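Below you'll find the structure, written out as structure tokens, and then a few comments.
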Amino acid sequence: SLIMGSTKTIGVIVPDLSNPFFTSFLKGIGQAAEEEQFIPLILGSEDNQKLERNYIEQLVQRSVDGMIIASPLVERDIIDHLLKSNGIPYILIDQNPVAEGDRLYTDDADGARQAVQHLLDLGHQKIALIYSDKPTINVAYRLRGYKEALEKSGIGFDPKLVLTTPMTKEGGYQVAQSLIDSEATAVVTINDEVAIGLYHGLQEKGKSIPEDYSIVGYDDIDLAAYLNPTLTTVAQPVMHLGNLALRRLVARIKDHNLADEKVKLPVKLVIRHSTKQLG
Ligand code: RIB
């Protein structure tokens, strides 16, 4: 049924359109949008807060019915001044740090714990984390889970094993030498993009996966099952996340008075061939 005065459009802002994680997220949104007969307008923020503010202003002027925001740069002040003040419903996801309003989470701390536990079970004790040089709220929980799992195992947390780099293929490629210079025999990367770059960097330096290094990624992007070796990784239910985000937003567009809802979805380790018993 048509909502009075509605344009049946929603705005979606993701941080990085070149990352397949967000492609799947948008697919999930698109499917649900089709069923709900909404059209998503998709924008990538590419690390530029001014651009993002401008996008949102433009979307407000074009009377979008609501917004799905995964970008970390849409901060409190933008939400208050552009969305809340104009009565535009929104839902926050993934990298966005704002605490108020509807939100969908995945269990980032648990994902990292599962990754570390898998490597511990394989006999690894020196487990590195390839972490973001600009950590957003969700990946900060992954660091927390990594720490907790190591502390609980009795091995303890060693800050020297946390290596930071941009969360891109290039970032993973560039960090290869630091990993070689560390004592690690295994590594959890902050996402699959970084793992792909790291594969390339390590192989170029004559290292084999998983013989020299066991690697666990994060996200389970489509490509993960096609790498050589296939990548063990923490799967996020990303299509489902897109689906739920769209449906929740539409529910709120129809009823602005719904109480705020926070929903946390589970993640699951997928074991493939990039990890192996130590020794
Ligand atoms: O690869 C993209 C990463 O950034 C994902 O892990 C997702 O959670 C996002 O924050």
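The values are calculated or read from the model by the stated rules, or taken from the named source; none is laboratory data. Computed from a predicted model, the values in this text were never measured in an experiment. Heads up, the Cβs are rebuilt from the backbone with ideal geometry, glycines too, and the neighbour counts pull from every protein chain shown.
For this structure, a couple of remarks:
- Lone unmet requirement of (1) under 29 Å from G171 (Cα atoms); (2) without any contact (Cβ under 8 Å) to a residue 12 or more places away in the chain for L26: (2)
- On inspection, L258 passes the criterion of being surrounded by fewer than 23 Cβ atoms within 10 Å (Cβ to Cβ) and closer than 25 Å to F38 by Cα.
- Positions within the stretch 74-116 being within 13 Å of the ligand (Cβ to nearest atom) and outside any helix (DSSP H, G or I), in sequence order: L92, I93, D94, Q95, N96, P97, L104, Y105, T106, D107
- Residue list for the stretch 159-176, restricted to those being among the hydrophobic types (A, V, I, L, M, F, W, C) and either modelled with pLDDT under 95 or assigned to a loop (DSSP other than H, G, I, E, B) (or both): M167, V175
For (1) closer than 13 Å to L129 by Cβ; (2) in contact with a helix residue (DSSP H, G or I) (Cβ under 8 Å, 6 or more places away or on another chain); (3) in a strand (DSSP E or B), each residue gets a yes or a no:
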{"residue": "R142", "(1), (2), (3)": "yes, yes, no"}
{"residue": "F157", "(1), (2), (3)": "yes, yes, no"}
{"residue": "S178", "(1), (2), (3)": "yes, no, no"}
{"residue": "P210", "(1), (2), (3)": "no, no, no"}
{"residue": "V216", "(1), (2), (3)": "yes, yes, yes"}
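- Only one of I221, I271 that is farther than 23 Å from I42 by Cβ, within 20 Å of the chain's Cα centre (by Cα) and modelled with pLDDT of 95 or more: I271
- The stretch 222-255, subset part of a loop (DSSP other than H, G, I, E, B) and of a type outside the set (D, E), residue surrounded by the fewest Cβ atoms within 10 Å (Cβ to Cβ): N228
- Taking each residue of the stretch 103-132 that is outside the structural domain of Y173 (by TED's automatic domain parsing) and free of Cβ contacts under 8 Å to residues at least 40 places away in the same chain and looking for partners that are crowded, with 20+ Cβ neighbours inside 10 Å and in a loop (DSSP other than H, G, I, E, B) with beta-carbon atoms closer than 6 Å, six or more apart or interchain, yields nothing.
- Residues that are away from the ligand (no atom under 13 Å from the Cβ) and not in a helix (DSSP H, G or I) were ranked within the stretch 14-40; the one that is farthest from G87 (Cα to Cα) is Q37.
- Some residue of the stretch 94-106 being modelled with pLDDT of 95 or more, under 30 Å from K276 (Cβ atoms) and surrounded by fewer than 21 Cβ atoms within 10 Å (Cβ to Cβ): no
- Selection status of Y199, out of contact with any Cys (no Cβ under 6 Å at 6 or more places or on another chain), within 16 Å of the ligand (Cβ to nearest atom), among the hydroxyl-bearing types (S, T, Y) and under 24 Å from L269 (Cβ atoms): yes
- Any hit, the stretch 232-254, residues being more than 22 Å from D94 (Cβ to Cβ) and away from the ligand (no atom under 16 Å from the Cβ): yes
- Residue within the stretch 46-69 that is within 13 Å of the ligand (Cβ to nearest atom), within 27 Å of V139 (Cα to Cα) and touching a Pro at 6+ places or on another chain (Cβ under 6 Å) present: no
- The stretch 202-226: number of residues that are hydrophobic (A, V, I, L, M, F, W, C), under 20 Å from Q114 (Cβ atoms) and more than 10 Å from the ligand (Cβ to nearest atom): 5
- Scanning the stretch 117-133 for residues that are more than 11 Å from the ligand (Cβ to nearest atom) and either buried (at least 23 other Cβ atoms within 10 Å of the Cβ) or not in a helix (DSSP H, G or I) (or both) yields L119, L122, G123, H124, Q125, K126, I127, A128, L129, I130, Y131, D133.
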